[in-house]
Amino acid sequence: MSSYKIASIPGDGIGPEVTNAAVEVVEKLAKTLGTFQINFTHIPWGTEYYKKNGQYVSDNALDELRQFDAAIFGAVGAPDVPDHISLWGLLLAIRGPLQLYANVRPVRTFPGTRCPLNTATKGIDWMLVRENSEGEYAGQGGRSHIGQEWEVATEVAIFTRVAITRIIRFAFETAQSRPKKHLTVVSKSNSMRNGMVLWDEIATSVSKEFPDVAWDKMLVDAMTVRMVWQPESIDTIVGTNLHMDILSDLAAALAGSIGIAPSSNLDPTRKNPSVFEPVHGSAFDITGKGVANPVGAFWSAAEMLTWIGEKDASDKLMSCIENVCAAGKVTRDLGGQCDTKEVVEAVCAEIEKLKN
Ligand code: NAD
Ligand code: IPM
Ligand code: MN
């Protein structure tokens, strides 16, 4: 029987609430199916760890993570630490250095979730592919003359041929594997005349390797309009790190709630462990209330199961989640009455039924 070692990094805010819920559900699934074993190791990185140790992660964090087959992550960010310190201390200290260059964010409505668009008569079924290693997230730039009238701050976006080519190719492959075989390449090559023009040129050139995939180009501002007005014209989308950060929150809201959106930080070369996390953040406003929607963390865990080779278990987990949502057992962000614990119990009860 296959056995997997998974790191669990709950982090801050509602991160522990949803990550612990996901661990409970996946352990229940493994035990119920009996077809694979899974061992979670808790890693306490986050703001509490930072306050004790002066840093968000251990000295040898990357090597520590390399001992695992994959990791699940909750969220990072606390009200009393500047966000750029917490985010660069933990999440961005992992994604870039581990070269988890493909951030995959599926967006789908299912019974029990509410798409606010009356234009989406068939619901939404999109696959967002985010470049996850460079762009505005390359960490380049700085400040000079701090506090003075002539202070200057730069945030330099880096775009390399290698990174653009690998993510565009990954996106075409992703689109090719989906029934509609359609890709939209998002950029901003009207006002951004270097990196974004390179992005478009590479898309045109890589597209020739995929004659069976229909594709189009779209400026990112116009893409927001298309997502609202013509949602059914969209299938797979690829864009830069920053553009897709923004479009993925919009997409999540259009599919019903940021609370259900999953995300996979993948190293497609499989040299490093991939990291699976909900799209949402620490959600200070609901932390500790027990009402966080755990579905984004569950769905991310399901994506993790597929990635490590347990597709059947992953599909079963997704159908349990969908049955629970269809039965209206959802949290307030989806218009329901349930708290986190009730959703966990409902999903576990669905998993129990898999025995029969
Ligand atoms: P957020 O995603 O934490 O919250 C935005 C809104 O969505 C809030 O109203 C929140 O209550 C709601 N929400 C989020 N997740 C939910 C869930 N599971 N169930 C129900 N409602 C949910 O975004 P923010 O407020 O911009 O950020 C808060 C902190 O989290 C900041 O420190 C930010 O930097 C950090 N952040 C971290 C990550 C991450 O670790 N991956 C992602 C985004 C933001
Ligand atoms: C996300 C988050 C992160 C990002 C932040 C928290 C660094 O918003 O995963 O979408 O910008 O990538
Ligand atoms: Mn984001």
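The values are calculated or read from the model by the stated rules, or taken from the named source; none is laboratory data. Values in this document were obtained by computation on a predicted structure and should not be read as measured data. With ideal geometry, Cβ positions are generated from the backbone for all residues, glycine too; neighbour counts draw on all protein chains shown.
See the values below:
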| read-out | value |
| --- | --- |
| Matching residues in the range 106-136 - criterion: being outside the structural domain of residue 241 (by TED's automatic domain parsing) and under 19 Å from residue 243 (Cα atoms) | 106, 107 |
| Condition check for residue 114: on the phi < 0 side of the Ramachandran plot, within 16 Å of ligand 1 (Cβ to nearest atom) and part of a loop (DSSP other than H, G, I, E, B) | yes |
| Test for residue 120: is it touching a residue at least 60 places away in the same chain (Cβ under 8 Å), surrounded by fewer than 21 Cβ atoms within 10 Å (Cβ to Cβ) and under 28 Å from residue 84 (Cβ atoms) | no |
| Test for residue 73: is it closer than 20 Å to residue 267 by Cα, buried (at least 16 other Cβ atoms within 10 Å of the Cβ), modelled with pLDDT of 95 or more and within 16 Å of ligand 1 (Cβ to nearest atom) | yes |
| Selection count, the range 321-356, where residues are in contact (Cβ under 8 Å) with a residue 60 or more places away in the chain, assigned to a helix (DSSP H, G or I) and surrounded by 17 or more Cβ atoms within 10 Å (Cβ to Cβ) | 11 |
| Qualifying position, being within 30 Å of residue 119 (Cα to Cα) and not assigned by TED's automatic domain parsing to the domain that holds residue 87, among 234, 202 | 234 |
| Top-ranked residue in the range 18-48 [being touching a Gly at 6+ places or on another chain (Cβ under 7 Å) and outside any loop (DSSP other than H, G, I, E, B); ranked as surrounded by the most Cβ atoms within 10 Å (Cβ to Cβ)] | 18 |
| Count of residues meeting criterion [surrounded by 19 or more Cβ atoms within 10 Å (Cβ to Cβ), more than 30 Å from residue 162 (Cα to Cα) and away from ligand 3 (no atom under 16 Å from the Cβ)] in the range 260-290 | 2 |
| Options 15, 34, 46; residue that is within 16 Å of ligand 3 (Cβ to nearest atom) and in the same structural domain as residue 344 (by TED's automatic domain parsing) | 15 |
| Scan of the range 69-79 for residues that are closer than 20 Å to residue 15 by Cα and touching a Pro at 6+ places or on another chain (Cβ under 9 Å), ordered by number | 70, 71, 72, 73, 74, 75 |
| Exclusive hit being assigned by TED's automatic domain parsing to the domain that holds residue 7 and of a type in the set (A, V, I, L, M, F, W, C), set 186, 225, 220, 279 | 279 |
| Test: residue in the range 55-66 that is more than 21 Å from residue 100 (Cα to Cα) and assigned by TED's automatic domain parsing to the domain that holds residue 295 | yes |
| Among the residues listed as 36, 73, the single one being over 20 Å from the mean Cα position of the chain (by Cα) and within 30 Å of residue 175 (Cβ to Cβ) | 36 |
| Test: residue in the range 127-136 that is more than 13 Å from ligand 2 (Cβ to nearest atom) and under 17 Å from the mean Cα position of the chain (by Cα) | yes |
| Where residue 311 falls short, out of the listed (1) surrounded by fewer than 18 Cβ atoms within 10 Å (Cβ to Cβ); (2) in contact with a strand residue (DSSP E or B) (Cβ under 7 Å, 6 or more places away or on another chain) | (2) |
